[in-house]
Structure formats: C-alpha cells, structure tokens
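Each remark here refers to the structure printed beneath this line.
Each reported figure results from applying straightforward, stated rules to the coordinates on display, with no laboratory input. Since the structure is predicted, the reported quantities are computational estimates derived from the model, not experimental observations. Heads up, the Cβs are rebuilt from the backbone with ideal geometry, glycines too, and the neighbour counts pull from every protein chain shown.
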Amino acid sequence: MSSSALPFFLFFFFFFLHLLLLPPCCVCCSRHLLLHAGAGANSSSSLADMLQVTHGGANGSVTDGLRRYLARFGYASSAPDDADGRVVVSLYQSTLGLPVTGRLDAPTLDLLATPRCGVPDLQHSSQANATATATARFAFFDGQPRWARAPGHFLLTYAVLSTPPYQPLPLPRKAVRGAFRAAFARWARVIPVRFRETRDYNTADVRVGFLAGDHGDGEPFDGPLGVLGHAFSPPSGQLHLDAAERWAVGDLDAAGAGAVDLESVATHEIGHVLGLAHSSAPDAVMYPSLKPRTRKAELTLDDVRGVQALYGSNPRFSLSSLSEPDTSSASASAPAAAITRSPGKKTTIVLLLLLLC
Ligand SMILES: [Zn+2]
Ligand SMILES: [Zn+2]
C-alpha cells in the first residue's frame, strides 16, 4: 500500500469500525417503528371500554360487557350456567386456536381487542365435510350452502355500490375496484368459478358496499375498528364493509394508525360469500381477526381445501403452487427488512476491509 493511500485507508477503516461497533441505524428505526405501530394497533380504547376488559382482566372475571361481546359472535348459549365465565372463555380460546386456560390472559385479551369480522364464529357446522382432515380448521355455514350453478366453470357477477343506502367510496373508485378484483382473483385461481364486475347493480350476484352504523340487516356496524365488515352465506351475495374504518390499499407503512387493509378484508368476506365460515387456523384468511395495518390476503392451504370442498378444484390450479401465507404488517415488516439488511452491510464491510488489507 502506498503512503498516499494511507489516509484513505485510515479514514475508511475507522469509519467502518464505527459502523461495526454501533447498532445499525435501521435496527433502531425499526424498533421505534415497531413500538409506534404497536401502540397504534392496540389503541382501540373504545373497544376495550365496550368489553370492560380492563376490570374483567384484572379480576380474572368475565364482565357483562364481555359476555355480550362474546354472545354476539356465538359464544353465549353454550354455557348458560358459567358463573365465572371460564367455560365461555375456554370455548373462545379453543375455537380461535389460543391456549385454553379459561382465563382472560394476555393472548386472549389481545385477540378480544383485535378488530374482526362481524360474522359469528359458532353458527356453523364445524368442518362438516367428508373431505376434511384431522388438521383442517375450515368450516362451513349450517347446511353447507354454496352457489349452485351448472357443473364446471361458472360465472358470478359482482358490483361495487356507492349510491344510497350505500356510503360513498372511502377511496378512489379505481383503488377500490382494484382491491376487489385482486381479492376475487385469489378465489377464482383455486376453484372453477369466474368473477366479473358488472355495472348492472340489479342483477349482480354479489353486491359490495360500504355502510355505516345500523344499516337495516340486523348487524349494525360499530364505528372505527371493532367490527370491520360482514357478508352473508350463499345465495345472498351481500358483502358489507364498515364505512367508518380508515380503509387503505397498497403501502400499509404509509397508512395511518388504525388503517385497515381493504384487500385483506375483501378476500375474507368473499370467502363468506362463497360459503366458508370462520377457520380456527390463525394464519388462514378465513380467521376472523385482523390487526390494523396488517396484510393477510394470500389464501392458505386451509382456505383452499375449504373452498375446494364446496366447489372442487380449478383444473389449472396445483396445490404445489400455493405460496407462503402473505401475512405482514407495517409493524412486522420493518424489523424483518432491517434484519435482512444488517448482515448484508456487515458482510460488505468485512469484504472491503479484506480487500483494502
Ligand atoms: Zn368473517
Ligand atoms: Zn350489513
């Protein structure tokens, strides 16, 4: 090494040494993002108030507010004499894949406070299909209703409505249409059913719209977070989303706290439109809960097996082509990106030092 190169070498040596000894900035930032986003994701204070989980959790008891909340999703009638609520809490935990403790422990309170679909969890025939396996978590509605059309590929039309009684679209129409087009395509890929958007609202098989509060079907929406949407089993075709949510498409990192991914909820509710009830597999699209700023739109094996049990398989689809579940969030993706970048930077630094030496 020549003497003229020595200053450059010393500069780069100490500069890279500084980088190696200090924690990577991206990790610091990602931890900050994680904490910030986590606070936003769990800031559903109105929901906590409604559930009265603060007092109930501290005492280990189930309050009347929590009983009403659980009853709304089908968990009450099975335990009429459950004075301390352990039975109904155990039922909630076992149905949704939580450790069954019978107590309002941290995982249970976290799930209770997580926004979810308004369709009850227990008004269906659980895995009542001959094709279901011991590991299947999918479920159907009572009687296993499905769209009954001619065998083979058939067509369902859908319309996105925005005139009264539906609310104006919360995002540009192009963005809403794109989210639903992608959501319908996920299901069409795995079953022999095609979906086509139509402007003929009166004849559309599936009618999609944003509604607010009590909108006349006995399932009122509750404002931001809480219940995000609901849909009815075949052949209703009604798919309703809560107009009070902060709906988002695309970049969830840029979405504000409390934002809800439209495409993820659309994919879930279309599953109901096709005849799937809630799955107890937490990774499944048909699991009822979805944290804010979280994307969960890719069908899992459980979702695919469930819907194929109703409609058969799209002949062009192979289970081996199923990708890993796309479950990501603004809070979760940041540290993952930081972790992948950090070793890469250190590897580059080591290589540079070796070359310089
Ligand atoms: Zn649902
Ligand atoms: Zn409704």
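When the criteria are applied in full, His230 fails the requirement of being without any contact (Cβ under 8 Å) to a residue 60 or more places away in the chain, within 14 Å of ligand 2 (Cβ to nearest atom) and not charged (D, E, K, R).
When the stretch 210-229 is limited to residues that are within 14 Å of ligand 1 (Cβ to nearest atom) and farther than 15 Å from Gln167 by Cβ, the one that is surrounded by the fewest Cβ atoms within 10 Å (Cβ to Cβ) turns out to be Glu219. Can you confirm whether the stretch 208-225 contains a residue that is in contact (Cβ under 8 Å) with a residue 60 or more places away in the chain, of a type in the set (Val, Ile, Thr) and within 14 Å of ligand 2 (Cβ to nearest atom)? No, the stretch 208-225 contains no residue that is in contact (Cβ under 8 Å) with a residue 60 or more places away in the chain, of a type in the set (Val, Ile, Thr) and within 14 Å of ligand 2 (Cβ to nearest atom).
Okay, residues lined up against (1) outside any loop (DSSP other than H, G, I, E, B); (2) of a type in the set (Val, Ile, Thr); (3) surrounded by fewer than 18 Cβ atoms within 10 Å (Cβ to Cβ):
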site	(1), (2), (3)
Pro170	no, no, no
Val176	yes, yes, no
Trp187	yes, no, no
Arg196	yes, no, yes
Asp200	no, no, yes
Thr203	no, yes, yes
Arg207	yes, no, no
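The number of residues in the stretch 239-256 being surrounded by fewer than 17 Cβ atoms within 10 Å (Cβ to Cβ) and either within 16 Å of ligand 2 (Cβ to nearest atom) or assigned to a loop (DSSP other than H, G, I, E, B) (or both) comes to 5.
Would the stretch 261-268 turn up any residue that is assigned to a helix (DSSP H, G or I), β-branched (Val, Ile, Thr) and within 16 Å of ligand 2 (Cβ to nearest atom)? Yes: one or more hits.
Scanning the stretch 232-279 for residues that are of a type in the set (S, T, N, Q) and either more than 16 Å from ligand 1 (Cβ to nearest atom) or within 14 Å of Trp147 (Cβ to Cβ) (or both) yields Ser233, Ser236, Gln238.
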